1. Helix 13-25 against the longest principal axis of the chain: what's the angle in degrees, Cα atoms only, rounded to the nearest 10?
2. So which residue, out of 57, 100, 78, gets the largest mean-square fluctuation from a GNM of the chain using Cα contacts under 10 Å as springs?
3. Report, in debye and to the nearest 20, how large the dipole of the chain comes out about its Cα centre when Lys and Arg carry +1 and Asp and Glu carry -1 on their Cβ.
4. Along the charge dipole of the range 13-127, which of 103, 114, 31 sits closest to the positive end, that is, farthest toward it, with unit charges on the beta carbon of Lys, Arg, Asp and Glu (+1, +1, -1, -1)?
5. Set the Förster distance to 25 Å, then compute FRET efficiency between residue 128 and residue 77 from the Cβ-Cβ distance, nearest 0.05.
6. Under a crude label model (7 Å from the Cα following the beta-carbon direction), how far is residue 98 from residue 118 in nanometres?
7. Rounding to the nearest 10 and keeping the result within 0 to 90°, find how far the Cα-based axis of helix 33-43 lies from the longest principal axis of the chain.
8. Can you give the angle from 0 to 90° between the axis of helix 114-127 and the longest principal axis of the chain, with both taken from C-alpha atoms, to the nearest 10?
Amino acid sequence: MFGFGKREIELTPYLSLAIASVYMVAADGELADEEMGTLIAMFGEEEPIQDAVEYIKQNNDLEQNVANINNILNEEQKEVLLMNTLDLLLADGHADDNEKALFFTFSNAFGTEQSKLEEMFDFVSKKNNFSIFQ
């Protein structure tokens, strides 16, 4: 009733990256322990991830959250966010339909051109091609 224990979380560029990352690893409907470990390695601590989860719970509208993120990020931040979510999407070697749909929700909202997306895909795919070392 009085809001005790519930803090308002301000959307920042850094939190935007954490939110997009949480959405991506949870695109299959759950946030598994291994995925949480990946996020902790990415952000160096749990706090940004916990804040992202709490923000998503408080603002449970993907389209609105993506629009809000779009409004506060500059072009370079949008590109880095997309490359990081793409990296998460491809981390397990395959992209399921929910992950692809989520990625395109962000890239479409950001107005990212197809040629730029192809460059990102090529870069992240090359970065993750460990088979060349075998």
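1. With rounding to tens, the tilt is 70 degrees.
2. Of the options given, 57 has the highest mean-square fluctuation.
3. On the way: 8 positive and 26 negative charges, 43 e Å.
Here the chain has a charge dipole of around 200 debye.
4. 114
5. Working: r = 22 Å, r/R0 = 0.89.
So, using R0 = 25 Å, E works out to roughly 0.65.
6. 3.1
7. Helix 33-43 sits roughly 90 degrees off the main axis of the chain.
8. The angle comes out at about 80 degrees.
Since every read-out is calculated from the coordinates, none of them should be taken as a lab result. Keep in mind that what you see is a predicted model, and the values were worked out from it rather than measured. Neighbour counts run over all protein chains shown; Cβ positions are idealised from the backbone, glycine included.
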